[in-house]
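**Student:** Please find one structure pasted underneath; my questions will follow.
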Amino acid sequence: MIIFIENINDNPPVFAQSQYSLSVKELTPVDTSVGKISATDRDDDRLFYTLDPDTAGFKLQGINTPNIMVQSVLDYDTVKSVSLTLYVQDTPPGGAPGGGPSYSASATILVTIQDIDNRPPWFQPCTSTVVGTAKICVSHGYSGQVNLTVQEVGALSLQPGPVYAIDGDSGINEKMTYSFLSGNEAGIFEINANSGNITMTKPVDLPGPLVLTVLAMQQVDSDKFATATVTLEVVKKSLNLPTFTLPEYKGFISEDAGQGSMVLAGRGSTTPLRVLAADKDFADGVNPDVRYEVLRTTDFSATPQGFILLAKDLSPGTVTIQLRAVDSSNEESSTAPLVVEVTPEGVLGPGGDGYSVVDMVALGVSLAVLLVICMVVIGLLVLHLQKGKAAWRKLSEASIFRSSLGAGSGGAKEGVQYTNEGFQKDDDASSTGSHVPDEVDVRRGSGPGAKAVELPQEEVVPRASAPLHALLPDSSSLDGSDPADSEREVKPILTKERRVEEGYKSVWFKEDIDPNAKEEVVIIPNNADRDGDDEESLGGGEEEDDLPRSTPKVFFTNADVDSGLEGQSNQESDDDEIQISDL
């Protein structure tokens, strides 16, 4: 008789240990096995495994295969270790078939992430960022100041701190070595290879800035390196701080002043307040590198020139703010208080010393009245000038008439008044004076049609006097003239006889003067009393009794001048000649 003993599920699965420790390097590829942890069952049942949690970067190879595998790329800087719980069960999930017994067990697994040497040095401080699966840390470099022609003692003070670099793989932390890559060709600076501190070997003799490039690399692996810049401003050594010129400032601003308005210097003043800080390091006390700041308030702001601006609306009252003057070349600074009085709306200055809106309106009305008065005065002046235009027009016309006397074929000589004073004194060749005589009507000779026409007295206006011979061209004697000219009856009116001396000129008129000529020219002789010789000369020996004894005025038509006045007496012409004695 054979008896079969059936195996029943009466033993639970068992792990060899309750806790397990595993390790894996960061950046290990996905699906790489980290370790296999299995349980045993005396009943030799098939075991089923689960991992909790299954989203911490690890997973099981299968439900019946307890092989721990990498589920996602691991980063040491993000996750350094993971704690997992591995469960085992001798029946399928959901229970045994037929409702039989089910046993299970569990074990704790601690997975440690190991750092690998995959990053270069990082200069500190730096800003880290992730690009894809890589992590980088960006440094903005270092800055500092050195004095011109002065050698600093000890390590240079830099911002935001001394030169320092760490291994980008913090789990490894390899040591660094430092050196200058560029910028120190003159050998002014020296850097400590182990600490990175920068010192000076000699003074700087040229203005800056100076830019040094520092190289940091791992001592064990020179392929892992990084660079950073050190910018050094070269400034003159400062012995004095910028100091405000006043221990305290006081300003005023109206409540209704808009944002951006300037604080004023006094009550009722329109001058903006300006704060100034003097620096004794400069001969004139003006440091161009000084800037101004308002501390611990956002109600006001300061311009680089020292003007204070309103930043937001304020209620009437008194506000005290702190001002700061900073030398931007070396960050040296000083402070001073500013008391600002915010005055009620519509008042430029407190205490009634300012101007209200009503005052400004009154001022505008007053200015308008003054403007009207000025316009009236200008109108009167213009009217007065218009009245004087007629007289000036007459002066201009008379000037044109008189200048036509000296015109030959070449045209009129403007602006000259001719006198016959020389004819009064024939023996004085240098006489050029002129005096205006009384009016005399000069009659023509016995020729037919002779007529003299007198212009109105008001059209004769004296102007600058000059003898006619000074402006007309010289003419020679009439001895060589065409005999035909002698057939024309002419009559001298200024001399008794025709003279042939060199430089002597006479005025002659032909008898057929056109009496209908429209334009007339007047010669105004001297006012001085004329002697008997002058009267005799004017008479020409004929009809002397017809001339009055009073001071004469000689008139003749412009048509005669146009047709008879010649520039040269020796020029042959059918026209009449005009010769004026050269006195």
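Every number in this text was worked out from the coordinates using simple rules, so none of it is lab data. As the structure is a computational prediction, the values presented were derived from the model and not from experiment. Note that each Cβ is placed from the backbone with ideal geometry, even for glycine, and that neighbours are counted across all protein chains shown.
**Student:** Roughly how many debye, to the nearest 20, is the charge dipole of the range 243-354 about its Cα centre, given +1 on each Lys and Arg Cβ, -1 on each Asp and Glu Cβ, and no other charges?
**Tutor:** The calculated dipole for the range 243-354 is roughly 120 debye.
**Student:** Right, next: For every other residue with a beta carbon closer than 15 angstrom to the beta carbon of V290, add +1 if it is Lys or Arg and -1 if Asp or Glu, then tell me the sum.
**Tutor:** With Lys, Arg at +1 and Asp, Glu at -1, the net is -3.
**Student:** For a quick check of your reading of the filter: which chymotrypsin sites (Phe, Trp or Tyr not before Pro) in the range 169-273 sit in a DSSP loop and have no more than 16 other Cβ atoms within 10 Å?
**Tutor:** none
**Student:** Suppose each label sits 7 Å from its Cα in the direction of the beta carbon; what would the S18-I116 distance come out to in nanometres?
**Tutor:** My value for the distance between the label points is 3.6 nm.
**Student:** What distance in nm lies between label points placed 7 Å from Cα along the C-beta direction at S170 and S328?
**Tutor:** For the pair S170/S328, the computed spacing is 3.7 nm.
**Student:** Still on this structure, please answer the following. Do any trypsin sites (Lys or Arg not before Pro) in the range 42-76 lie in a DSSP loop with no more than 16 other beta carbon atoms within 10 Å, and if so, which? Can you show the working numbers first?
**Tutor:** Working: sites: R42, R46, K59; in loops: R42, R46.
Of the trypsin sites (Lys or Arg not before Pro), the ones in loops of the range 42-76 whose Cβ has at most 16 other Cβ atoms within 10 Å are R42, R46.
**Student:** Note the full-extension length gain between D52 and N192 as 0.36 nm times their separation in residues minus their Cα-Cα distance, in nm to one decimal.
**Tutor:** That pair, D52 and N192, stretches by 45.2 nm at full extension.
**Student:** Quote to one decimal, in nm, the extra length available between R296 and T85 on full extension: 0.36 nm per residue of separation minus the C-alpha distance between them.
**Tutor:** Extra length available between R296 and T85 comes to 70.3 nm.
**Student:** Taking K and R as +1 and D and E as -1, what net charge do the other residues with C-beta under 13 Å from the C-beta of S333 add up to?
**Tutor:** Local net charge: -4.
**Student:** Further question: Could you tell me which of G132, V230, T177 has its Cα farthest along the dipole of the range 121-235 towards the positive end, charges placed at Cβ (Lys, Arg +1; Asp, Glu -1), taken about the Cα centre?
**Tutor:** Highest projection toward the positive end goes to G132.
**Student:** Same structure, new question: Using 7 Å Cα-to-Cβ label points, what is the Q151/E233 separation (nm, one decimal)?
**Tutor:** 2.5 nm
**Student:** A further question follows. Only sites in a loop by DSSP and with at most 11 other Cβ atoms within 10 Å count here; which GluC sites (Glu not before Pro) in the range 142-236 make the cut?
**Tutor:** Sites meeting the loop and neighbour criteria: E185.
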